[in-house]
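A short write-up of the structure that comes next.
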Amino acid sequence: MTIKLYTYWRSSAAYRVRIALNLKGLAYEAVPVSLAPGENEHRKDEYRAINPQMLVPFFDDGNVAIGQSQAILEYLEEAHPETKLLPEAEPLRSKVRALCNIICCDIHPLNNLRVLQYLSGELGVSDDQKSAWYTHWIAAGFQAAEQLSVSYSHAGPYTFGKEVTLADACLVPQMYNARRFDVPLDEYPRLVAVVDACNELQAFKDAAPENQPDCL
């Protein structure tokens, strides 16, 4: 069965899975699910029957059908180990996981679309307040990520040196979002340089939001 990835062009969680699939050389069918206000395809019964959590991404290779990007990334690493994105040796293996969690557990859940919609809708937060909220959580995570990565700047252009890892797959989409929301990045020169290096690779270019079939 062809791998299916239920995705949305601007979803950073789906973006990180697209990167990993591309890095591993795995062909997949992108199934767009619009999260755009007024469309909300993720909340319709058809998609809810596939993913009860009504989020993207959702992954199905005929063997395993799961949501949650981190679970998908771990599954891909175990099922397709030919191209490793998680180092085998410690402490690097755990450091990669730590940086992934900074982004996927600490930054992204507080700044994703449904949280921002709740802030501006139910809580009546102003656009300026919402921007301050977004910038605060990016800064909190990026400050730590910068310190983790900068000590590896001598070893290579990517987050942890010369090899691309899951940390890069998670960092690049979060940096895309930071730039989209005009978050100042002067304090994170190492992270900016890492993302620029990653975006020279075809796997990252092909996964970019502007290169998705549902890009608006």
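Values computed for the structure shown
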quantity: Residue, surrounded by the most Cβ atoms within 10 Å (Cβ to Cβ), within the range 125-135, restricted to residues that are without any contact (Cβ under 8 Å) to a residue 12 or more places away in the chain and of a type outside the set (Ser, Thr, Tyr); calculated: Val125
quantity: Index of the failed condition, Ala79 passing every other in (1) of a type in the set (Gly, Ala, Ser); (2) in the same structural domain as Glu41 (by TED's automatic domain parsing); (3) at pLDDT below 95; calculated: (3)
quantity: Condition check for Glu122: at pLDDT below 95, surrounded by fewer than 16 Cβ atoms within 10 Å (Cβ to Cβ) and over 15 Å from the mean Cα position of the chain (by Cα); calculated: yes
quantity: Conditions (1) surrounded by 18 or more Cβ atoms within 10 Å (Cβ to Cβ); (2) over 16 Å from the mean Cα position of the chain (by Cα); (3) of a type outside the set (Val, Ile, Thr): number failed by Asp45; calculated: (1)
quantity: Selection within the range 166-203 - of a type in the set (A, V, I, L, M) and farther than 14 Å from Glu146 by Cα; calculated: Leu166, Ala169, Ala178, Val183, Ala197, Leu201, Ala203
quantity: Any hit, the range 147-156, residues being touching a residue at least 24 places away in the same chain (Cβ under 8 Å), in a helix (DSSP H, G or I) and of a type outside the set (A, V, I, L, M); calculated: yes
quantity: Which numbered condition Ile138 fails, given (1) touching a residue at least 12 places away in the same chain (Cβ under 8 Å); (2) of a type in the set (A, V, I, L, M); (3) under 22 Å from Ala207 (Cβ atoms); (4) not assigned by TED's automatic domain parsing to the domain that holds Leu166; calculated: (4)
quantity: Test: residue in the range 100-109 that is surrounded by 13 or more Cβ atoms within 10 Å (Cβ to Cβ), assigned by TED's automatic domain parsing to the domain that holds Val183, touching a helix residue (DSSP H, G or I) at 6+ places or on another chain (Cβ under 7 Å) and outside any helix (DSSP H, G or I); calculated: no
quantity: Some residue of the range 126-140 being assigned to a loop (DSSP other than H, G, I, E, B) and at positive phi; calculated: no
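The values are calculated or read from the model by the stated rules, or taken from the named source; none is laboratory data. Because the structure is predicted, anything quoted here is derived from the model rather than measured. Cβ coordinates were reconstructed from backbone atoms using ideal geometry, including for glycine residues, and neighbour counts include every protein chain displayed.
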